[in-house]
1. Residue check, LEU156 against (1) within 26 Å of GLY227 (Cβ to Cβ); (2) assigned to a helix (DSSP H, G or I); (3) out of contact with any strand residue (DSSP E or B) (no Cβ under 6 Å at 6 or more places or on another chain), all met but one. Which one?
2. Taking only pairs six or more apart or across chains, which ones have beta-carbon atoms under 6 Å, a first residue in segment 183-194 that is assigned by TED's automatic domain parsing to the domain that holds PHE140 and more than 8 Å from PHE223 (Cβ to Cβ), and a second residue that is among the small types (Gly, Ala, Ser) and surrounded by 12 or more Cβ atoms within 10 Å (Cβ to Cβ)?
3. Across segment 112-153, what is the number of residues that are over 25 Å from LYS186 (Cα atoms) and part of a helix (DSSP H, G or I)?
4. Check ALA2, ALA75, ALA39, ALA6 and return the single one that is of a type in the set (Gly, Ala, Ser) and either modelled with pLDDT of 90 or more or in contact with a Gly (Cβ under 8 Å, 6 or more places away or on another chain) (or both).
5. Looking at (1) surrounded by 12 or more Cβ atoms within 10 Å (Cβ to Cβ); (2) of a type in the set (D, E, K, R); (3) touching a helix residue (DSSP H, G or I) at 6+ places or on another chain (Cβ under 8 Å); (4) more than 24 Å from TYR98 (Cα to Cα), can you tell me which one ARG145 breaks?
6. For segment 177-203, what are the residues that are open to solvent by less than 70 Å² (accessible area, probe 1.4 Å), not acidic (Asp, Glu) and not in a helix (DSSP H, G or I)?
7. Can you tell me which of LEU86, LEU108 is surrounded by fewer than 19 Cβ atoms within 10 Å (Cβ to Cβ) and at pLDDT below 95?
Amino acid sequence: MAAPRANMSYRDIKQVVLDRIHNKIWPPDSLLPSETDLAEEFSSTRTTVNRALRELAEEGYLERKRKAGTRVLNAPVRKAQFAIPLVRDEITENGSEYRYALVERTVLPAPAWLSARMDIPQGRDVLHLRCMHYAGNAPFQYEIRWIVPDSIPDVLEADFSSSGPNDWLVQKVPFTNLELSFLATKADQSVAEFLDAQAGDPVFTAERITWLRGQPVTLAKLFFAPGYRMTTHL
């Protein structure tokens with residue numbers, strides 16, 4: 001078990017705290033010493049201790065409440081973390097050649113369901129895009145996307161004929177909040193044709209909504225070709 005020593009880094013402190021949790025020195029539901037006491041024990045600063053405890057809380061080992069202190073969770077919550085890659089990178093990293101095609105680009109009034117999902121006035125103009133992403137000659141992902149020009153006026157001048165909207169958004173617009181859903185859907189005739197599937201086939205689907213400081217930016221529905229697999233690690 002790691003032992004405290006002088007001038008410990010936040011990583012070292014994390015390891016000591018984890019060792020004490022795993023060895024029941026700090027059992028489930030027990031209250032940890034204050035940050036001031038831990039900083040003194042580890043010959044460190046409160047800022048360093050705070051970072052270590054904050055990361056352990058984010059990883060599901062601790063519960064932190066203002067004025068109530070830091071407590072060991074009864075049942076640590078394991079959280080899966082994964083990066084959301086650009087489809088271009090996902091394809092090339094698998095050894096395939098990336099190809100892109102813009103299927104449709106239109107500006108139209110936001111439909112009622114989109115207004116409700118993104119909290120924008122019904123009938124407000126949105127940019128609607130349909131795109132295809134290929135791994136070599138094989139379909140990889142069919143993308144349907146709505147972008148709110150009120151939040152990003154420059155998007156109406158953007159040219160998406162040779163590069164996808166996600167590439168442009170990543171470079172131009174940082175997001176502050178994201179909602180990500182995964183679901184299985186049945187391919188309708190249009191989706192099936194683009195993905196070389198049969199109508200009614202189950203299709204792995206991702207839906208992403210992003211906001212910038214409370215302003216809705218984009219909603220994307222991403223349909224993946226049969227056989228697609230997403231993997232993450234705990």
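1. All conditions are met except number (1).
2. GLN189/ALA199; ALA192/ALA199
3. 1
4. On the way: ALA2 fails: either modelled with pLDDT of 90 or more or in contact with a Gly (Cβ under 8 Å, 6 or more places away or on another chain) (or both); ALA75 fails: either modelled with pLDDT of 90 or more or in contact with a Gly (Cβ under 8 Å, 6 or more places away or on another chain) (or both); ALA6 fails: either modelled with pLDDT of 90 or more or in contact with a Gly (Cβ under 8 Å, 6 or more places away or on another chain) (or both).
When all the criteria are applied, what remains is ALA39.
5. (4)
6. Filtering segment 177-203 down to residues open to solvent by less than 70 Å² (accessible area, probe 1.4 Å) leaves 178, 180-181, 185, 187, 190-192, 194-195, 197, 199-201, 203.
Now narrow it down to the ones that are not acidic (Asp, Glu): 178, 180-181, 185, 187, 190-192, 194-195, 197, 199-200, 203.
If the condition is that a residue be open to solvent by less than 70 Å² (accessible area, probe 1.4 Å), not acidic (Asp, Glu) and not in a helix (DSSP H, G or I), then LEU178, LEU180, SER181, THR185, ALA187, ALA197, ALA199, GLY200, VAL203 are the ones that fit.
7. Numbers: LEU108 fails: at pLDDT below 95.
Result of the check over LEU86, LEU108: LEU86.
Conditions tested, residue by residue: (1) touching a Leu at 6+ places or on another chain (Cβ under 9 Å); (2) open to solvent by 70 Å² or more (accessible area, probe 1.4 Å).
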site: LYS24; (1), (2): no, yes
site: PRO28; (1), (2): yes, no
site: ASP37; (1), (2): no, yes
site: THR47; (1), (2): no, yes
site: ASN50; (1), (2): no, no
site: GLU58; (1), (2): no, yes
site: TYR61; (1), (2): yes, no
site: ARG66; (1), (2): no, yes
site: GLY69; (1), (2): yes, no
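The values are calculated or read from the model by the stated rules, or taken from the named source; none is laboratory data. Model, not experiment: these values are computed from the prediction. Neighbour counts are summed over all protein chains in view; Cβ atoms, including those assigned to glycine, are modelled from backbone coordinates with ideal geometry. Protein only, heavy atoms only, side chains kept; ligands, DNA and RNA dropped before computing areas. Shrake-Rupley method; radii C 1.70, N 1.55, O 1.52, S 1.80 Å.
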